[in-house]
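Values quoted throughout were computed directly from the atomic coordinates according to the rules given, and no laboratory measurement underlies them. Because the structure is predicted, anything quoted here is derived from the model rather than measured. When we count neighbours, we look across all protein chains shown, and the Cβ atoms used for this are built from the backbone with ideal geometry, even at glycine.
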Amino acid sequence: MGTETVRALKGVSFDVNAGEFLTIMGSSGSGKTTLLNILGCLDKPTDGDYLLDGVNISGLSRNELARLRNNKIGFVFQSYNLLPRTSALENVELPLLYNSGISSKERKEKAVKALEAVKLAERMDHKPNELSGGQQQRVAIARALVNEPVMILADEATGNLDSKTSYEIMALMQELNQQQGKTIVFVTHEPDIAAFSSRTIRLRDGKILKDTVNETKKSAKEVLAAIPVADDY
């Protein structure tokens with residue numbers, strides 16, 4: 001910023017193990033976005049190393065980073081980022097269009113399988129404006145899964161959803177993690193969402209303030225089951 005050097009992250013060091021469900025927390029300005037951009041191979045660190053599935057990203061070109069992102073990482077965003085005029089199925093197929101080794105038939109099969117994994121197979125022909133917010137986020141999660149990435153990176157993925165729908169999305173995330181062994185890094189500012197993960201890293205002023213195992217990890221399914229059903233009037 002002008003002549004001043006702002007260090008968004010300072011000496012941050014941690015591992016994410018295969019099959020882990022990790023949340024990253026921190027207030028605005030703590031370094032969450034910069035860390036997320038580095039984890040997602042959108043930015044390179046100015047110093048230090050980041051190894052993704054054994055690959056050091058610091059020496060890669062922009063095209064190599066793009067290939068690595070597409071093959072190794074599934075992104076889920078707060079605002080869903082779905083193409084409005086295309087169906088759920090076509091939205092999920094999108095990352096596979098960049099893989100010339102996959103036929104159109106195989107692309108569709110993979111997209112259908114991903115939508116089945118998020119329990120949305122019966123809505124695959126619907127456009128985003130014909131889906132609820134929770135259903136749109138499920139489509140976004142299916143899109144993140146379709147390339148079978150080594151890591152799912154979620155940025156405030158429940159931020160636009162009401163509490164019940166948020167818990168439904170977290171129940172799905174827990175299922176993907178526990179039953180399918182998916183590695184998930186989930187950025188959130190909500191403690192009740194972080195409680196569903198197995199480990200939480202808390203950032204402050206670009207440094208790791210705490211890195212703790214969640215001994216009392218909650219089950220999103222159980223929390224959902226405890227929500228009283230609203231009476232119809």
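For first residues located in region 172-195 and among the basic types (Lys, Arg), partners that are not in a loop (DSSP other than H, G, I, E, B) and lie 6+ apart or on another chain with Cβ distances below 7 Å form the pairs Lys182/Ile152; Lys182/Leu176.
As a summary of the residue check, Asp125 satisfies the conditions (1) closer than 21 Å to Met170 by Cα; (2) surrounded by fewer than 14 Cβ atoms within 10 Å (Cβ to Cβ) except for the one numbered (1).
Do the conditions hold for Asn99, that is, is it more than 29 Å from Ile193 (Cα to Cα) and not small (Gly, Ala, Ser)?
Numbers: more than 29 Å from Ile193 (Cα to Cα): yes; not small (Gly, Ala, Ser): yes.
Answer is yes for this residue.
The residue pairs whose first member lies in region 151-164 and is at positive phi, whose second member is part of a strand (DSSP E or B) and surrounded by fewer than 20 Cβ atoms within 10 Å (Cβ to Cβ), and whose beta carbons are closer than 8 Å, counting only pairs six or more residues apart or on different chains, are Glu156/Phe77. The set of residues in region 208-223 being of a type in the set (Val, Ile, Thr) and within 14 Å of Tyr167 (Cα to Cα) consists of Val223 alone. Only one entry of Ser198, Ser166 meets the criterion of being among the hydroxyl-bearing types (Ser, Thr, Tyr) and either touching a Leu at 6+ places or on another chain (Cβ under 6 Å) or under 30 Å from Arg85 (Cα atoms) (or both), and that entry is Ser166. Of the numbered criteria (1) in contact (Cβ under 8 Å) with a residue 24 or more places away in the chain; (2) under 25 Å from Glu116 (Cβ atoms), the one Arg202 fails is (2).
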